[in-house]
Amino acid sequence: LPVWVDCDIALGASKGDVDDGYALFACAAAPGARLLGVSTVFGNTGAATAAGCARRLLDVAGSRAPVLRGADGPAAVVPAVVDALVALPRGAQLLCLGPLSNVAAALRADPALGRRVTLWLVGGDLTTWGRFPPYWPFEFNLALDPGAARAVLAADAERRLFPLPVCRRLRVGPRRLRQLARTSPEARYLVRHSLRWLAYTPLRYQALSFPLWDLVPALCALGELPVRFSARRLALHGRGGLRPQEDAPPTLCADGFDPAAAYEALLRLCAAPRQERGPGGGPG
Ligand SMILES: [Ca+2]
């Protein structure tokens, strides 16, 4: 299963959400996956910092997949990233885990790209126009580059969208982090770099746990987690509100999944990371 990850990973940086790190690790560790490469985008951190984080995590995971520094702001275009995305093989899974600047630029360069690969998107909210009180902004990926989000939602493409209220049901807290850290050195790396994020969860989430947003679409794309979808025609309104729009092309929207099964899948990948399956790094 060929996979490309476009992300705003901050796991390994001094601030920013750590969920992209878990998703990228899953793509490097899943036995059936062939991680073709990673491109970075601004969001949780800058594109350059994200590229450093991705490189270090892939080193830990034993992956030599290339890491490309991508867009560092809304509507930015990095030709090397556009070329890499446009060159993805038919049937590739393109995980879009940050603002959609790189992805929109690639679809603009090659409008047929969306028919060759499957886009996995994270963001938006079908249920509210409001804000998550009190410190978390209403939306993130779609709101940081709304022009790109509109273009990706309107493109002729195979799209799977994971709204935030769905993704936020997969959470880890101290007990799960301790359990993960016992599984492998790779998992310990993830946990060690998540502790600063955990420290602020009471303030940020009013809970002693945080969501692994991006891991949900990653597990589903990798075939590690069943997810229920329904087809909807959606357009972006305001800061990440998704509303039905009849003339919009269809998007498969994630409705729900079993959070316990998702955590079990993460535990499974952490306990048997690819490099322990012998030399060569697994299939492909
Ligand atoms: Ca992300």
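Just so it is clear, none of the values below were taken in a lab; they were calculated from the coordinates. Owing to the predicted nature of the structure, the values given are computational and were not obtained by experimental measurement. Quick reminder, even Gly has a Cβ in these numbers, built from the backbone with ideal geometry, and neighbours come from all protein chains shown.
A few comments on the model shown:
- Its residue count N sets the reference 2.2 N^0.38 Å, and the alpha-carbon radius of gyration of the chain equals 0.92 times that reference.
- Three-way shape label, the stretch 49-91, alpha-carbon gyration tensor, a/c 1.5: oblate
- Largest GNM mean-square fluctuation among Trp213, Trp120, Trp197, using the chain with Cα springs under 10 Å: Trp197.
- Choice from Asp258, Asp247, Asp110 showing the highest fluctuation, given a GNM over the chain with Cα pairs closer than 10 Å: Asp247
- Residue of Ala29, Ala109, Ala92 that the Gaussian network model of the chain assigns the largest fluctuation, springs spanning Cα pairs under 10 Å: Ala109
- At R0 = 51 Å, FRET efficiency that the Cβ-Cβ distance of Leu195 and Asp247 yields, to 0.05: 0.60
- Shape of the stretch 36-121, Cα gyration tensor, a/c cut at 1.5: oblate
- Overall form of the stretch 167-274 per C-alpha gyration tensor (a/c, 1.5; a/b vs b/c): oblate
- Rg in Å to one decimal, and Dmax rounded to a whole Å, for the stretch 135-220 via C-alpha atoms: 15.6, 44
- Helical runs (DSSP H, four residues minimum) scored at -39500 (n - 2.57) apiece and divided by the length of the chain put the mean residue ellipticity at 222 nm at -10500 deg cm²/dmol.
- Among the DSSP helices (H) of the chain, those spanning at least 20 angstrom by Cα along their long axis with an average Kyte-Doolittle hydropathy of -0.5 or more are 47-61; this is a geometric and hydropathy rule only.
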